[in-house]
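Read-outs: derived from the displayed coordinates by stated rules, not from any lab. As the structure is a prediction and not an experimental result, all values here were calculated from the model. Neighbour counts run over all protein chains shown; Cβ positions are idealised from the backbone, glycine included.
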Amino acid sequence: MSFPVALPPHIRLGPWQYVLARTTGALAPPISASTSRLKRTLARAQRRARPSSTAETEHAVLAVCTANLRLGGRRACLSRSVAALLYCRAHGHTPALVVGIKPGTAEVHAWLEAEGRPAGEPSDPTRIYTPVTRYGPQEHTRR
């Protein structure tokens, strides 16, 4: 059975933004494939970076989805979130990565949070998914 999926809208990207979005989109799936690699990458990316604003995070998600069409689908949420986080980090800021689970099922979803609320999502994922893990900029401070 198939069902329609609305992809995020495309935005205009400059050459440097397009290359950066393509690169982060290519790096994200291998990083997302290993939990230890993901944790290590997030810890490095979020070190010494200011928190992202909602607008900056939403722009990063749209940029990554524009440059990498395959990251716009329903099953690419972790790769899309990691790619957008890396895109943000290249601009000197970073959002929080949140992984949630749908109660009573084994369905999981990943999204980015900025300023305490989900960013770059068509609807609020916290209505359906219970956050389980949050990787935020303040959680990876240097001691």
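Restricting attention to the stretch 107-134, the residues being closer than 18 Å to ALA76 by Cβ and assigned to a loop (DSSP other than H, G, I, E, B) number 7. Here is the figure for the stretch 73-84: residues that are farther than 22 Å from TYR135 by Cα and assigned to a helix (DSSP H, G or I) total 0.
If the condition is being within 15 Å of ARG89 (Cα to Cα), among the small types (Gly, Ala, Ser) and part of a helix (DSSP H, G or I), then the stretch 24-69 contributes GLY25, ALA28, ALA43, ALA45, ALA55, ALA60, ALA63.
Residue-by-condition table, conditions (1) buried (at least 21 other Cβ atoms within 10 Å of the Cβ); (2) of a type outside the set (S, T, N, Q); (3) farther than 18 Å from GLN17 by Cβ:
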| site | (1), (2), (3) |
| --- | --- |
| LEU38 | no, yes, yes |
| ARG47 | no, yes, yes |
| CYS88 | yes, yes, no |
| LEU97 | yes, yes, yes |
| HIS109 | no, yes, yes |
| PRO122 | no, yes, yes |
